[in-house]
Amino acid sequence: MVFAVVAVPAKSGGVVCEKSKFPYFVADSTQCDRFYKCEDLKSTEMLCEDGMVFVEELQKCDLPFHVDCTSRPNLQPPKGFGNCSRLNGLFPVNSRCDQHFWCRDGQEILIECAPGLVYDVKQGVCEFPDIALRPGCLPEQFLGFTCPKITGEKMLKFGDHERLAKPSDCRYFYKCMSNGLPRLGGCELGKVFNHETGFCDLPKNVKGCEHYYDKGIASDNYPPLETFMGTSVDVSMYLRPVTHDEVRFGNCSRLNGLFPVNSRCDQHFWCRDGQEILIECAPGLVYDVKQGVCEFPDIALRPGCLPEQFLGFTCPKITGEKMLKFGDHERLAKPSDCRYFYKCMSNGLPRLGGCELGKVFNHETGFCDLPKNVKGCEHYYDKGSS
């Protein structure tokens, strides 16, 4: 998601400007949303829009989740109303763990997380509940499931977790993590969870789930739940029938709807009454123009955004009857980033996988691990990697 940032001049101001060919900006020493524009050796005091704070390194205003304001904690008085504490920002829905309001110029939009994720008020993203640990939204409370206790030195079948079926929905399953807390996992569209193998499978191979997709399950509309913490936007309440009077302008083909960004596979515009909002998919996903959701590129198969082209990676060919180590895929490290890895699926096409915050991919085990246990990645999070 991208905010349009407009800073407004306040008054002539209080820093000493150095000689420069170009204008530049300097942060205020005590107030996080105030800064100064230096031009021709003169400074002008400016304010970010209400709800935004100034990032000197980027020379722009941004959401406070990405900025350390400890040393300059003061802010302008809030101008928000209704569900928007400030005119711009992300704010929780107190009655729902998996929803939050996205406020832009005082206009609120309700955002719903993907299944199994909660809104993390500290990071400003949808996150696994056992990482967010948000009061009132703790994993067992939110998911309505408690993992059986692990006794002795039992090895977990899937490295850092065990998998148990969700009785009420064939497509989903619970991951019982090594910390003893549950997460919700899910299979890609067209498959269901096979409790005997612990992997996703065709419905015909799982007793009791043969006709799962015949029922028109609502969860079909969601992208598969993997490691990434993305958001799925609940747009149904904003869409309305299109009339012949509605014409195209800007990036909105119609006044309301979802429209691709032709230059970016992983972005799309959400148009509401002709106002466009840029939405970016989670890493490794592309906007699927057929389904109107962010999806794995090997499922979307969108021209110009095919998996090998989008990810810049080609899986090695599988010869003979080789069994895939992880059921429906193999895993290979992404050399340029310790946190991510490639999944080479049984169809021969790649997907991008990723580890939760605080961990990196261990190419020797094929699972996520602590940085100290992976050679060359020990200091990954010291670099401020995103």
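Laboratory data are not the source of any read-out in this text; all were calculated from the coordinates shown. All of these numbers come straight from a predicted model, not from anything done at the bench. Backbone-built Cβ (ideal geometry, glycine too); neighbour counts: all protein chains shown.
General remarks:
- Alpha carbon Rg of region 42-147, scaled by the compact-globule rule 2.2 N^0.38 Å: 1.24
- Placing pseudo-labels 7 Å out from each Cα toward the beta carbon at LYS122 and LYS207 gives an inter-label distance of 4.4 nm.
- Pairwise FRET efficiency - SER71 versus VAL289, Cβ, R0 = 35 Å, nearest 0.05: 0.15
- Links that overshoot a 27 Å alpha carbon limit, given the list LYS21/LYS60; LYS175/LYS372; LYS175/LYS317; LYS204/LYS325; LYS290/LYS359: LYS175/LYS317; LYS290/LYS359
- Whole-Hz Karplus values for region 159-176 come out as x, 10, 6, 9, 10, 10, 5, 8, x, 7, 8, 4, 7, 10, 8, 9, 9, 8 Hz, taken residue by residue from phi with 6.51 cos²θ - 1.76 cosθ + 1.60 and θ = phi - 60°; glycine and proline positions read x.
- Those aspartates and glutamates that a straight Cα-Cα span of less than 18 Å connects to LYS122, excepting residues fewer than 8 apart in one chain: ASP62, ASP68, ASP98, GLU112, ASP130, GLU356
- Extension gain (nm, one decimal) between GLU108 and LYS79, 0.36 nm per residue minus Cα-Cα: 9.1 nm
- Theoretical gain in end-to-end length, LEU324 to LYS19 [0.36 nm per residue, Cα-Cα removed]: 103.6 nm
- Spacing of the two label points (7 Å from each Cα toward its C-beta) at ASP382 and THR197, in nm: 4.3 nm
- Our coupling estimate for region 79-86, obtained by passing each phi through the Karplus curve with A = 6.51, B = -1.76, C = 1.60 and θ = phi - 60°, is 10, x, 7, x, 7, 9, 4, 10 Hz, Gly and Pro reported as x.
- At 1.567 mPa s and 4 °C, Stokes diffusion of region 321-386 via Kirkwood alpha-carbon radius, µm² per second: 105 µm²/s
- Inter-centroid distance (Cα atoms) of region 128-187 relative to region 291-345, Å: 25 Å
- Rh (Kirkwood; distinct C-alpha pairs) - region 293-339, Å: 12.8 Å
- The stretch between ARG254 and LEU278, if pulled fully straight at 0.36 nm per residue, gains 7.1 nm over its current Cα-Cα span.
- Rough spin-label spacing in nm, given labels placed 7 Å along Cα→Cβ, for ASP40 and LEU301: 6.2 nm
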